[in-house]
Structure formats: C-alpha cells, structure tokens
Amino acid sequence: MRCGIGLGLGLLLLVAGGPLAADEEAPRRPWLLLLKTQLLETPGGYPAFCKAQATAKRGALRTSVVAKLKAIADAEQPTLLEALGNPKDAQRLWLVNGIVVRLDAKALEAAKAHALVLHAYPAGMLPAPPKKPGRVDPVHRRRKKPRTWKLGKKTVPWNLEQLNVPRVWKELEIIGRGVTVAMFDTGINYEHEDLAKNIWINPDEKPNNGRDDDKNGLVDDYYGYCFVQMTPEVMDRSPPKHGSLTSSVVAGDGTGGTQTGVAPGAQLMALRGAGGPYNACRAFQYALEEGADVVNMSFSIPNLGHTRGLWRRMAEHASAAGLVLISGAGNFGRQTQVPVQIRIPEGIPCVICAGGVRKDLSVPVFTSKGPVEWSGVAFYEDHPLPGGLIKPDVSAFPGPGIALIRGGRKDGYLPEDNKRRGNSLSAPHVAGVVALMLEADPELTPWAVKSILEATAKDLDAEGKDPNTGAGLVDAFAAVSRAKQGPQATTGAK
Ligand SMILES: [Ca+2]
Ligand SMILES: [Ca+2]
Ligand SMILES: [Ca+2]
C-alpha cells in the first residue's frame, strides 16, 4: 500500500475520534468523493439555469462558470484533503467539486461519513503519470490565415445531401470556421489528407520538447491529449480506428475527392479517453479550458447505477459553461430492453442524443430507442417511468453506406457500399451541423442549439417528438438559418 496508513489514520482519527490500525492488505480502489457544494442544485438546477440564461452569450458564460466552478472547489477541497491526511496521489477536480483518492473499504466508509462528502462514486481507471512523454509525429504548423474551402468538383454523398448540408455551404457560405469540435474517442488520424488541415493545434504549446509550455499541467499536448496513457500522442493507430471515422463525418474536407464532413471548416481536438468518470472529467475540463465548443461522444456505457448521476452532473456543469455535448443513441435495439437501450452519456437530458434512420428514413432495429428513466439514481428522480425522458433528441444517419475516410494514414476512402454502421456515426453528423450553427452564431448557448435542432428537424415516425426518432431528421439548412437569427429565435421551440 502506497500511502494507506496516513490516509486511513487521518480519516479514522477524524471520524471515530481515535486511531485504529489500517488494514495493510485491503485493496484500495479509486473513488471520486463528491463534495457538498456544487454549482447547480439537483435535479431542478440545470433547467432553472437555462431559463435564467435564455439569452446569455456562450463566451461570457464559459469564463464566468469556469471561474465559479474553480472557486467552489478551492473553498472546500483543502479541508477534506487535510482530513484525509493529504494523500499524495489525490487528484482534484473542478468541473464537479470532487476529489479522487484511492481508499480501502474501511477508509471509504469513514470518508462517506465526513460532513463535506455528499457521495462517493467509483472513479474508474486512474492512469499513472508516464515516465516520459510520448511524441506527436509529424507536426503540422499552426495556420496563420483563416480557413478557406470550396466544394469544387468533390463528390457529395447521399447522407450529407439528405441532411441538407450542401445548401449551407453554398447559400449561406458557412463551413464551421472558428468552431472547435473535441472528439472524445480513440484518437484521430491527423495525417489523413482530408483531416490534416482541420486538426486543432494548442496555440501555446510547443510539441515534443518535453515541457509544459502553456502551464496547463500537461506536457506537449499539441493536438489534444490521451487521457488513457497520459501522453500527447493521439494518432488513431489501432483498428477499428473509430475516432478517425467519426472525425471524418464531422470535418473531413474532401481533399481526396469525396466530401465526408458536414463542417469542412471546423477544427478537431483529439481527446483520447476511456469511459471512466475521472477520465471523462479531465477531458471535459481540458475541452473547457482549451476553448472547445462541441464535444462528440460516440460511445455508450451501460449499468452505471448511481454513477449515472455523476455523469449527469458533469455534463450539466459543462453545458452550463457553454460546451455543446453530443452522443449517439447506441446500437442496442436488439439485445436490450427500453428504458435502458439508451445509456450514458446519451441518456443525460442536456446531451443531444442522435438516433439513427436508414436512407429511406425507416428506423433500423439495431438503433437504441427511448425513453430513459431517471429515478432511483442518487439526486435524480425527475423522469420516472412510465413516461420517463424521451430520447433520442434528433435523428441522423448511422449507415451503412456513409462516406468515410479509411482509418489508415493516407489511403483515401472506404468504398461507397461499405457496411460500417452504428449510431457512432449519427452523432458526428449532428456535431458537424452544430459546428455550422456555431459559425452562424458563436454565442448560441447549448440549450439554444438543442432547441433549434429539435424545432427545425423534419418530423418522422409518430407525430411530434417520439422515442424512435426524437424530433426527427436534422435539417442543417433550416437549423443554421434559424441560428443566424440568434437565441430569440428559439422561443416557442419544441
Ligand atoms: Ca501543456
Ligand atoms: Ca511542450
Ligand atoms: Ca415524430
């Protein structure tokens, strides 16, 4: 045990009033201790915040909410850490007011009894700091001029046509300029010719010099960061190259001849992560501090129990700070029952959940259906069954037959009749459309974005928002046109 004695002893002294022998053999696991004071009351805090901030500007919200979150963390965490004996491996978080520490069963019980601890959640994997930072290779230069892009003679695939994307490029001359979409995924093939010009570069970090030039706590984080191995290398090397495929749907620019991306002028920030809440919290914090506007999360985690509530709190705080969160509905229509087909993060109210329809607009069996249930989860009892919370929110295309780059370094596209399918591909279509909307109005709040997407979608299936297709098929041209009118245009939205 690395520092169990001090930690266990400190807690027991505090809680039980006298020292007890720490169990040297008991396994210690990482726990996220959520502290008492949080930004938003649950569950009504987030909707109330959105209502109060109906016409707020996203840029100003980012600054003020992040400052507030950090102030809340600074006010309470030192006291709890001291009570825990200031463990060396403790990690402080600010997106939620929480600390992560390794605790054995006895120390965990003592921690839960502390007056400052609201709840204890399993924190997931806690990566060790690397012995030496990885390298990113090759290194693209920062672009000095604004992004230009023309459709020219590129092939436009059916999925972009049906979402009404080309009209946005041609008639509104909007391509996602100035918008950063963080891909919380397996990394990005930043060498592919269709992605290379759209890779986000950390403006204050020099690559491969072994130093944390921008003092954000991470060494050489040039294109983003890998929160699994704590290295700056985010190249998507191993099959299935999931992050490269989803990235191409967001912002592939068609350099090789086929237009794969909805927003060919947007930038892609690479956040490699695995789904534990500690990892996710670090990734969200990075996205917020480094100026990402959107986070695409093409993953889906089942059976989280009360930890669903921790994900929801993280998402609501990130959204309040102006980050638009998007996830696919999942592919569990066959194996799983409603209300747990749609999981985490896509089942969170503020996360825009993209369902999937076929080219003929019918709903495939594999697409996960709503509603989802929010009850029996610590702090969240607001959407009990039978009604639950209607998800998905909107629909896009999960394939097959989506135009995609190959995952390899410079090897063009998958064939037109490729069989890749899954709502991992629905989500980045929506993320791309949001990037277009945010070029039209960078100040739109996440709740205005969601509201506009739903209000302008083409209704499918049962009339109105339904648990198979949400508010319907995303209409990029209608959504971006509405976005250009500003947040007032969302009044009366579904
Ligand atoms: Ca850095
Ligand atoms: Ca550096
Ligand atoms: Ca409908």
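The values are calculated or read from the model by the stated rules, or taken from the named source; none is laboratory data. Just so we're clear, the structure is a prediction, and the values are computed from it rather than from any experiment. As a convention, Cβ positions derive from the backbone with ideal geometry for all residues, glycine included, and neighbour counts pool all protein chains shown. We work out accessible area using only protein heavy atoms, side chains counted, and drop any ligands, DNA or RNA first. Shrake-Rupley method; radii C 1.70, N 1.55, O 1.52, S 1.80 Å.
If packing is taken as the average number of other Cβ atoms within 10 Å across a peptide's residues, how do 167-176, 186-195 rank, most packed first?
Details: 167-176: 19.9, 186-195: 24.8.
Descending packing order for the listed peptides: 186-195, 167-176.
Where does each of 425-431, 141-147, 455-461, 67-73 land if you order them by average Cβ count within 10 Å, highest first?
425-431, 455-461, 67-73, 141-147
Assuming 1.567 mPa s and 4 °C, estimate D for the chain with Stokes-Einstein, Rh taken as the Kirkwood radius over Cα pairs, in µm²/s.
Numbers: Rh = 23.0 Å.
Once the numbers are plugged in, D ends up at 56 µm²/s.
Angle check, please: helix 307-320 long axis (alpha carbons) against the longest principal axis of the chain (alpha carbons), in degrees 0 to 90, nearest 10.
Approximately 60 degrees, to the nearest ten.
Helix-derived [θ] at 222 nm for the chain: sum -39500 (n - 2.57) over DSSP H runs of at least 4, divide by residue count, nearest 500? If you can, show how the numbers build up before the last one.
Values: 12 runs with 138 residues, N = 494.
So the calculated ellipticity at 222 nm is -8500 deg cm²/dmol.
Kirkwood Rh over alpha-carbon pairs of the stretch 217-271, then Stokes-Einstein at 37 °C and 0.692 mPa s: what D in µm² s⁻¹, rounded to an integer?
Values: Rh = 12.3 Å.
Translational D for this selection: 267 µm²/s.
What's the angle, to the nearest 10 degrees (0 to 90), between helix 277-289's Cα axis and the longest principal axis of the chain?
For 277-289 against the chain, the angle is about 60 degrees.
Of all beta bridges DSSP finds with both residues in the chain, what is the antiparallel percent, to the nearest 5?
Working: 22 of 47 bridges.
Of all bridge pairs located within the chain, approximately 45 percent are antiparallel.
Per the 1.4 Å probe, what fraction of the accessible area of the chain, in percent, lies on carbon and sulfur atoms?
Values: 10280 of 19280 Å².
So the carbon and sulfur contribution to the accessible surface is 53 percent.
Give me the angle, in degrees from 0 to 90, between the Cα long axis of helix 58-83 and the longest principal axis of the Cα atoms of the chain, rounded to the nearest 10.
With rounding to tens, the tilt is 20 degrees.
About the Cα centre of the chain, how large is the charge dipole given +1 on each Lys and Arg Cβ and -1 on each Asp and Glu Cβ? Please answer in debye to the nearest 20.
Numbers: 59 positive and 50 negative charges, 184 e Å.
Dipole size: approximately 880 debye.
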